[in-house]
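Novice: Got a structure for you, questions after.
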Amino acid sequence: MAWLHGLRDGYGYVRAVALAAALSLASCSLFEQEVEPPPRADDAIEVPDGTSSLATDITVALAPMRRALEREVPTRLWTISEKGAECVPSQRAEVIGIALKSPTIRCDLDGRVTRGSLTVRGQGLDLVVTMPIRAEVTASDVGGIIKQKTGTASANVTARVRLSVREDWSLRGKVTIRYDWRQPPTVELLGQKLTFADEADERLKSVVRTLERSIEREIAKLDLRGEIEPLWQRGFTVLSLNRENPPVWMRLTPQALGYEGYSASRNAISVRMRLDATTKVFVGDKPAATSATPLPPMRAADTGDDIRLALTLPVIAQYSQLEPVIERALAKRAQRVFVVPAIGERMIELRSVTAYGTDRNRIAVGVEFEAWKPGERDDPATGTVWLTALPVNEPDSRQVHFREPEYQVETTRFTTNVLIEIAKTQDFTEVIEEALSQNFESDYEELLGKVDSAVAEQQLGDFTIATDIDRVSTGTITAYGEGLYLPVTADGETQIRYTPR
């Protein structure tokens, strides 16, 4: 029986050895098995379109219209030439109770009516065309008594024109004309005043009709469409908002052009319009401009809407730029002890940081480091902790937080628990969150400064776009394969000026 007992003891020993060996092999297999890092996302950042309304004034000079009227309206309006005209009509008088009748006195009349220089100026909503008139009439051989007598007269003809813009962008004008004789056409003969106002008025009506037709024709010739069309075509463009790190572009695509009214100044008509356009922001390579469409028909603009340029600006943290930011922050924190509730105090030394976008719009941060108890560094725990989490922030805040954190560890030692517990500490995650927040805050300020300068004044051929950004709001952060994206909505008052070079 002793030998059987010994055999049993030997068999138990063998089983124990075999079990220990199996556990050892299993342990090596379990803790030396390589953990796959989180999958990398490759989705690109898409910045949503904005809708903008840009104010623009198109100026139409009045000098060409004045020159055209000068050509069309003759300097000499009419002439007077009448031989033997009844200059002083017969007069009845009673002398010593006897009724007498004076003879009709005849004379020769010669004269001309001319105009001075035309002026065309703006006054509020009216164009004012002024034409000074001068008349000179000479009576000669007056009844064989007076050899010659000359009289002068002056008048002002004033036309007020109220404009309208038609659907095809052509201009039309409603003309109202009035005139008055400042000095009626009169000649004093033999103590009597001979006036020609009635005759002059009749002739002047014809001159007024000519002037009215000429003004209407010249208003129709003012090429408002020719001034507007280049603005519309040049509106299909791409502007640089940030040249590098990263390059940011804004593509402007006009959608409609509205007419808001006009005002007339001394030398020009200023037509106010509103350009409605979509604005799309691109990160990276410069996009192609949208193909220009024909100028749309005129429509009345809704003056209740704001005139503003709206942009959705991308504040983007590329992962390659984030890695050294996180690494510096963790290295600085590693100079002090970590208090880990589950395992006690630990010191760490950082080796590397890897960051990228993973699935479900989460960020993956891999931190390779050593950890040891203070004063016992001979046998440190080493490995890489992968933190995957959903980065979040409050609207109008660049402060980043992590939600739904998940951890996994790559290690060749039985130190998984140690590394994960360190990574789970508030100190560890807060350092990464703070590094991201500081990065976004600095990028945000820098980008806004660049964008403000970029859109403050942009020269597009013969046009200048000037924008004053006065309202900015921050959206919510999203992790893409291309980088961490924080949308910033900026808008401000804007103006387009026609400034031919």
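Novice: Given the structure, is GLY258 surrounded by fewer than 20 Cβ atoms within 10 Å (Cβ to Cβ), on the phi > 0 side of the Ramachandran plot and of a type outside the set (A, V, I, L, M, F, W, C)?
Specialist: Numbers: surrounded by fewer than 20 Cβ atoms within 10 Å (Cβ to Cβ): yes; on the phi > 0 side of the Ramachandran plot: no; of a type outside the set (A, V, I, L, M, F, W, C): yes.
Against the criterion (surrounded by fewer than 20 Cβ atoms within 10 Å (Cβ to Cβ), on the phi > 0 side of the Ramachandran plot and of a type outside the set (A, V, I, L, M, F, W, C)), GLY258 does not qualify.
Novice: Same structure, new question: What tally of residues in the range 357-393 results from selecting those that are outside any strand (DSSP E or B) and farther than 23 Å from ALA44 by Cα?
Specialist: Initially, the range 357-393 is screened for residues outside any strand (DSSP E or B), giving 359-361, 374-375, 393.
Now restrict to residues that are farther than 23 Å from ALA44 by Cα: 374-375.
Of the residues in that region, 2 qualify.
Novice: Does ARG336 satisfy the criteria of being part of a loop (DSSP other than H, G, I, E, B), in the same structural domain as GLU482 (by TED's automatic domain parsing) and over 17 Å from the mean Cα position of the chain (by Cα)? Please lay out each step first, then the result.
Specialist: Details: part of a loop (DSSP other than H, G, I, E, B): yes; in the same structural domain as GLU482 (by TED's automatic domain parsing): yes; over 17 Å from the mean Cα position of the chain (by Cα): yes.
It is true that ARG336 is part of a loop (DSSP other than H, G, I, E, B), in the same structural domain as GLU482 (by TED's automatic domain parsing) and over 17 Å from the mean Cα position of the chain (by Cα).
Novice: Let me ask something additional. Do the conditions hold for VAL409, that is, is it under 20 Å from VAL35 (Cβ atoms) and assigned to a strand (DSSP E or B)? Working first, answer last.
Specialist: Numbers: under 20 Å from VAL35 (Cβ atoms): yes; assigned to a strand (DSSP E or B): yes.
The answer is yes for VAL409.
Novice: Let me ask you something else. For the range 94-157, which fully contained strands (runs of 3 or more DSSP E) count at least 3 residues that are at pLDDT 70 or above and within 27 Å of SER206 (Cα to Cα)? Step through it out loud before you land on a result.
Specialist: Numbers: elements: 98-101, 105-115, 119-123, 126-142.
Filter on the range 94-157 gives 105-115, 119-123, 126-142.
Novice: Any residue at all in the range 469-484 that is crowded, with 21+ Cβ neighbours inside 10 Å, within 23 Å of the chain's Cα centre (by Cα) and at pLDDT below 80?
Specialist: no
Novice: Regarding VAL73, is this residue modelled with pLDDT of 50 or more, more than 30 Å from GLU406 (Cα to Cα), assigned by TED's automatic domain parsing to the domain that holds VAL165 and surrounded by 11 or more Cβ atoms within 10 Å (Cβ to Cβ)? I'd like the intermediate steps shown before the answer.
Specialist: Working: modelled with pLDDT of 50 or more: yes; more than 30 Å from GLU406 (Cα to Cα): yes; assigned by TED's automatic domain parsing to the domain that holds VAL165: yes; surrounded by 11 or more Cβ atoms within 10 Å (Cβ to Cβ): yes.
Yes: the conditions hold for VAL73.
Novice: Counting just the residues of the range 275-315 that are surrounded by 20 or more Cβ atoms within 10 Å (Cβ to Cβ) and within 30 Å of ALA63 (Cα to Cα), which one comes out modelled with the lowest pLDDT?
Specialist: That would be ALA301.
Novice: Name the residue, out of ASP443, ASP452, ASP462, ASP491, that is within 28 Å of SER53 (Cα to Cα), surrounded by 15 or more Cβ atoms within 10 Å (Cβ to Cβ), modelled with pLDDT under 75 and acidic (Asp, Glu).
Specialist: Numbers: ASP443 fails: modelled with pLDDT under 75; ASP462 fails: surrounded by 15 or more Cβ atoms within 10 Å (Cβ to Cβ); ASP491 fails: modelled with pLDDT under 75.
Result: ASP452 is the single residue among ASP443, ASP452, ASP462, ASP491 that is within 28 Å of SER53 (Cα to Cα), surrounded by 15 or more Cβ atoms within 10 Å (Cβ to Cβ), modelled with pLDDT under 75 and acidic (Asp, Glu).
Novice: Would you confirm whether any residue within the range 397-418 is within 28 Å of the chain's Cα centre (by Cα), in the same structural domain as ILE469 (by TED's automatic domain parsing) and not hydroxyl-bearing (Ser, Thr, Tyr)? Working first, answer last.
Specialist: Residues of the range 397-418 that are within 28 Å of the chain's Cα centre (by Cα), as a first pass: 397-398.
This time we only want the ones that are in the same structural domain as ILE469 (by TED's automatic domain parsing), so: 397-398.
The next check asks that each one be not hydroxyl-bearing (Ser, Thr, Tyr); those that pass are 398.
Yes, there is a match, as at least one residue in the range 397-418 is within 28 Å of the chain's Cα centre (by Cα), in the same structural domain as ILE469 (by TED's automatic domain parsing) and not hydroxyl-bearing (Ser, Thr, Tyr).
The values are calculated or read from the model by the stated rules, or taken from the named source; none is laboratory data. Fair warning: this is a prediction, and the values are worked out from it, not measured in the lab. Please note: Cβ atoms are built from the backbone with ideal geometry, for glycine as well, and neighbour counts cover all protein chains shown.
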